[in-house]
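Asks: Handing you this structure, nothing more for now.
Just so you know, all these numbers are worked out from the coordinates, no wet-lab data involved. Remember, it's a predicted structure, so these values are computed and weren't measured experimentally. Please note: Cβ atoms are built from the backbone with ideal geometry, for glycine as well, and neighbour counts cover all protein chains shown.
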Amino acid sequence: MAKFDPNRPYNELPLLPPEADIETRAILKQCIEARCAIAELKEAGTLIPNLNVLINSIPLREARDSSAIENIVTTDDKLFHHAAMQDKDTDPDTKETLRYRTALFEGSRALRHRPLATANAVEICRTIRNANIDIRDTLGTALKNTGTGKIIYTPPEGEELLRNKLSNWEQFIHNNTDVDPLIRMAVSHYQFEAIHPFTDGNGRTGRILNILYLIDQNLLDIPVLYLSRYIIENRDDYYRLLQEVTSEQRWEEWILFMLRAVAKTAKWTTEKIHAIRDLLDDTCGYVANMNSRVYSRELVELIFIQPYCRIPHLMEAGIAKRPTASKYLNALSAIGVLNEYKLGRNKFLFTQNSLIS
């Protein structure tokens, strides 16, 4: 194996599976914990019959934090507001972050028709970047330390070579079934980032692929694992361990890091799902007691799905026609469940309940 040189295209990036032992005792032990945690998360998802309550909250935070890793910064408030209003004047970072969530949703739906593959990665990256891009054919791509400007990695070059390595990546995630899917996810995530198939958007695309792979392997039903939260909290370790696999083939620590990420974020997300269910039930009880004439579980679920709520949202959900929808929202405002907010001539109401914090 040629010695790694960060200044030279890493065309010798080894194919998968790695030559190193990726099923050490420590890895298998951590894998058991991660598998238990993700199984509990999958089960917790069944506690809330209307999955849209989860799908419109947790993935939005995943989008926010995954984008923040790439220094694309926005806030929950901006994200929920823009998702509700679809206003064209929203700042570019908020729009790009919402495209991440769109890519996650569209990627999840695509799995119903085909297994995860390079084509999925291309579509994900196109959605995130809002551009008709494809596998990189440019030369001279190099990744630099943002502080020093020093080159730390030069990915492989040549479209044919990249497609060959991506083909090997596909074969590994689907064919090496003797290796636990969570270990394969960790290994394949490194490999995708090392291949670096796009001119931009590789990190965000790779993190979406992690979640989609767990769905593809039936470890999750919906895209609610909030991995980027752990990565952004341990950002330095994330990049250091990626680099150590490249330069020293130190696979064990990298795989352990990713398995810990799965275990910790699965447990955290499970706790949040329980909290959301409890808050939803409490809110239903409160509204029913305070104003039984407007109460319906569908109405309360809607304000959890859409914290910034307008009359058209109730109409689109089939809950009420315009005059009645206005009455319902005003009633929820009167009992303190919603707060009125005006922007120009637009009026809408929002809940300040913190579903994810």
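Asks: In nm, to one decimal, how far is the Ala20 label point from the Glu33 one, both placed 7 Å along Cα→Cβ?
Replies: Roughly 1.9 nm, to one decimal.
Asks: Can you give the extra length, in nm with one decimal, that the chain gains between Ile151 and Lys95 once fully stretched, where that is 0.36 nm per residue apart less the Cα-Cα distance?
Replies: 17.1 nm
Asks: Which is farthest toward the positive dipole end of the chain among Ala334, Thr97, Tyr239, measuring Cα position about the Cα centre, with Cβ charges +1 (Lys, Arg) and -1 (Asp, Glu)?
Replies: Ranked along the dipole, the leading option is Ala334.
Asks: List the aspartates and glutamates whose Cα sits under 18 Å from the Cα of Lys95, skipping any in the same chain fewer than 8 residues away.
Replies: Glu62, Asp65, Glu70, Asp76, Asp77, Asp87, Glu106, Glu123, Asp200
Asks: Evaluate the charge dipole of the chain about its Cα centre and quote only its size in Debye, nearest 20, assuming +1 on the Cβ of each Lys and Arg and -1 on the Cβ of each Asp and Glu.
Replies: 1280 debye
Asks: For a footprinting-style exposure proxy, rank Lys29, Lys264 by other Cβ within 10 Å, fewest first.
Replies: Ordered by Cβ neighbours within 10 Å, fewest first: Lys29, Lys264.
Asks: Right, next: Suppose the chain between Glu123 and Glu340 were pulled fully straight at 0.36 nm per residue; how much longer would it get relative to their current alpha carbon spacing?
Replies: Additional length available on full extension: 74.3 nm.
Asks: Select from Gly45, Asn289, Asn130 the residue farthest towards the positive end of the dipole of the chain; place +1 on Cβ of Lys and Arg, -1 on Cβ of Asp and Glu, and compute about the Cα centre.
Replies: Asn289
Asks: Find the relative contact order for the stretch 25-267 and round it to a whole percent, using C-alpha pairs within less than 8 Å whose residues are 6+ positions apart.
Replies: 30 percent
Asks: Something else: Mean-square fluctuation check for the chain, GNM, Cα pairs under 10 Å: which of Asp65, Asp216, Asp236 is largest?
Replies: Judging by the Gaussian network model, the answer is Asp236.
Asks: Quick query: amide H of Lys144 versus all other amide H atoms, modeled in the peptide plane; which residues come in under 5 Å with a sequence gap of 5 or more or a different chain?
Replies: Residues meeting the amide H criterion: Ile152.
Asks: Another one. Under 10 Å, Cα contacts only: if you run a Gaussian network model on the chain, which one of Thr46, Thr270, Thr127 comes out with the highest mean-square fluctuation?
Replies: Greatest mean-square fluctuation among the candidates belongs to Thr46.
Asks: In the stretch 129-175, with Lys and Arg counted as +1 and Asp and Glu as -1 at Cβ, which of these residues, Ile151, Trp169, Gly140, has the Cα nearest the positive end of the dipole, that is, farthest along it?
Replies: Ile151
Asks: Can you give the FRET efficiency for Thr141 and Arg109, using 1/(1 + (r/R0)^6), R0 = 25 Å, r = Cβ-Cβ distance, to the nearest 0.05?
Replies: FRET efficiency, Thr141 to Arg109: 0.20.
Asks: To continue, here is another question. Counting helices only, and only those DSSP H runs with n ≥ 4, report the 222 nm mean residue ellipticity of the chain as the sum of -39,500 (n - 2.57) divided by its residues, in deg cm²/dmol to the nearest 500.
Replies: About -19500 deg cm²/dmol.
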